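Remarks on the structure that follows.
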Amino acid sequence: MAEARQIMDEYSRRTGMAISYDQAQQFMVGNLLPDTRLRSEKKDSHFWNDEELEDIAKAPDLRLFLDKYGDRLHNPVYMGYYSHLYLDWCYVDSYWPKEMRFYGSDGQPQKLRRNVRFVKILRTGEVVPLDRFFTSEYYYGEYSRLNSYFVQHYHLTVPDVSTVKNFQMDEVRLADMDRICGNLHRLIDRSEWDSKEPLRVFDQESLENFIHTSAMQFTDICQKELGGEHL
């Protein structure tokens, strides 16, 4: 959502076009739609390639999405959806490799999840067993903490799903946004960023810079696809 907000602000600045309330809400809804599917269903909603399903880090295959829905990008919902997939792709392709490495029991780098036993946090050099890394103690706990920072810093709010009309995708259902919006309401209500407690996995500044860079790159895509028209 922080990336989506930056994309809209930058697109409006570059084109001189104001983005209407409905367009902004539709873009935000699209940005969240991939996460309406859970666990095994994410393969479809995130357009993962079959050949990479066993990898520890799976990036969306953007071509799969564009081949199917590329002709609908003038609709803010689909463009928002694309922005989510693009950020995920950048995250796996360029952010993770700079922040962490995955190793097997023999100390060799591993790509397949079943072979990974340890994670090395490159910023600190700390090596953590895989079954501890993806827990509230490390990775997901810091996700939750950083959520509070982004909610407060970018003044994020729950999008208005009622602005979306005549939307249809095979991979997701608009009705499932009710659960996402409910979760967002709870997250936003209790968000409280504590900058004093040090982060063990992420660096807040580098993560924010990464999101900003991704947003600027995606704004380039918007301009190319829309030809300067309204988002």
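The values are calculated or read from the model by the stated rules, or taken from the named source; none is laboratory data. Predicted model, so just to flag it, every value in this text is computed and none were measured. Virtual Cβ from ideal backbone geometry, glycine too; neighbours counted across all protein chains shown. Accessible surface is based on the protein model in full, side chains and every heavy atom, while ligands, DNA and RNA are left aside. Shrake-Rupley method; radii C 1.70, N 1.55, O 1.52, S 1.80 Å.
Could you order Ser45, Ser162, Ser12 by accessible surface area, starting with the largest, using a probe radius of 1.4 Å? Each step should come with its number before you reach the end.
Values: Ser45 0, Ser162 75, Ser12 35 Å².
The most accessible residue leads, giving Ser162, Ser12, Ser45.
Starting from the alpha-carbon convex hull of the range 77-140, give the projected area averaged over all orientations, in nm². Don't jump to the answer; show the numbers that get you there.
Numbers: hull surface 21.3 nm².
If you wrap the Cα atoms of the range 77-140 in a convex hull and average its projections, you get 5.3 nm².
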Give the ranking of Trp96, Trp48 by solvent-accessible surface, highest area first, calculated with a 1.4 Å probe. Trp48, Trp96
If one puts a single equal scatterer on every Cα of the chain and applies the Debye formula without solvent, what log₁₀ I(q)/I(0) results at q = 0.17, 0.18 Å⁻¹? -1.39, -1.51
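Using only alpha carbon pairs under 8 Å that are at least six residues apart, calculate the relative contact order of the chain and give it in whole percent. The partial results should precede the final answer.
On the way: 290 pairs, mean separation 66.7, N = 231.
About 29 percent, as a whole number.
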Rounded, prolate or oblate for the range 128-182? Axes are the square roots of the Cα gyration tensor eigenvalues, ordered a ≥ b ≥ c, and the cut-off for rounded is a/c under 1.5. oblate
For the chain, which whole percent of the accessible surface, found with a 1.4 angstrom probe, sits on carbon and sulfur atoms? 47 percent
Max mean-square fluctuation residue, GNM over the chain, Cα-Cα springs under 10 Å, options Asp131, Asp170, Asp88: Asp170
Would you calculate, for the chain, the mean residue ellipticity at 222 nm contributed by helices, counting each DSSP H stretch of 4 or more residues as -39,500 (n - 2.57) and dividing by all residues, to the nearest 500? -15000 deg cm²/dmol
Going residue by residue through the range 40-57, the Karplus relation 6.51 cos²θ - 1.76 cosθ + 1.60 with θ = phi - 60° gives ³J(HN,Hα) values, rounded to whole Hz and with x marking Gly or Pro, of 5, 6, 5, 3, 7, 5, 9, 6, 6, 7, 4, 5, 10, 5, 8, 6, 5, 10
The answer for the net charge of residues other than Gly141 whose Cβ lies under 14 angstrom from its Cβ, with Lys and Arg +1 and Asp and Glu -1, is -1
Rough spin-label spacing in nm, given labels placed 7 Å along Cα→Cβ, for Val127 and Leu226: 4.8 nm
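Asp176: net charge of surrounding residues, Cβ under 13 Å, Lys/Arg +1, Asp/Glu -1, itself excluded? Could you put the intermediate results ahead of the total?
Numbers: positive: Arg37, Lys42, Arg173, Arg179; negative: Asp35, Glu41, Asp44, Glu171, Asp178.
Spelling it out: positives minus negatives among the neighbours equals -1.
Tell me which trypsin sites (Lys or Arg not before Pro) from the range 175-216 have a DSSP coil assignment and no more than 12 other beta carbons within 10 Å of their own. Mind dumping the intermediate values first?
On the way: sites: Arg179, Arg186, Arg190, Lys196, Arg200; in loops: Lys196, Arg200.
Answer by residue number: Lys196.
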